[in-house]
Amino acid sequence: LATGYLVALCEWACIELVKPHLDWPAEQSLGTRVELTHTAATPPGLTVTVHTRLTAVEGRKLSFALSVEDGFEQVSSGTHERHVIAAARFTDKLRAKRAA
């Protein structure tokens, strides 16, 4: 399991955790910080499980605790932060940036 895929998997788990609580798709979340250790190798064929827990809500900022295991051992742990955004406003900002 490459570290880049591990990061993406952890972000996806957090997205899926909060998605039912947002006015999706008008509200979405963006990852703003990831701090993970990657302490063990996972060979192809094993099932990787991400355990995520929302630990704090500060305005639009959501903080998560993460741990990842592969059926044999813990392979990662850390934290992740996301911010809830208005999708239309974010898209408008991107359009303006592209046009500049």
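The values are calculated or read from the model by the stated rules, or taken from the named source; none is laboratory data. It should be emphasised that the depicted structure is a prediction, and the values quoted were computed from it without experimental measurement. Because the Cβ atoms are built from the backbone with ideal geometry, glycine has one as well, and the counts that use them run over all protein chains shown. Areas reflect the complete protein model, heavy atoms only, side chains present, ligands, DNA and RNA absent. Shrake-Rupley method; radii C 1.70, N 1.55, O 1.52, S 1.80 Å.
Looking at segment 15-69 only, could you name the residues that are in contact (Cβ under 8 Å) with a residue 40 or more places away in the chain, within 23 Å of Ala86 (Cβ to Cβ), of a type in the set (A, V, I, L, M, F, W, C) and not in a strand (DSSP E or B)?
Matches in segment 15-69: Ile15, Leu17, Val18, Leu22, Ala26.
Can you spot a residue in segment 71-90 that is surrounded by 14 or more Cβ atoms within 10 Å (Cβ to Cβ), among the aliphatic types (A, V, I, L, M), more than 19 Å from Leu1 (Cβ to Cβ) and free of Cβ contacts under 8 Å to residues at least 60 places away in the same chain?
yes
Just give me the residues in segment 17-31 being under 14 Å from Leu62 (Cβ atoms) and either open to solvent by 80 Å² or more (accessible area, probe 1.4 Å) or of a type in the set (Gly, Ala, Ser) (or both), in sequence order.
Within segment 17-31, Pro20, His21, Ser29, Gly31 meet the criteria.
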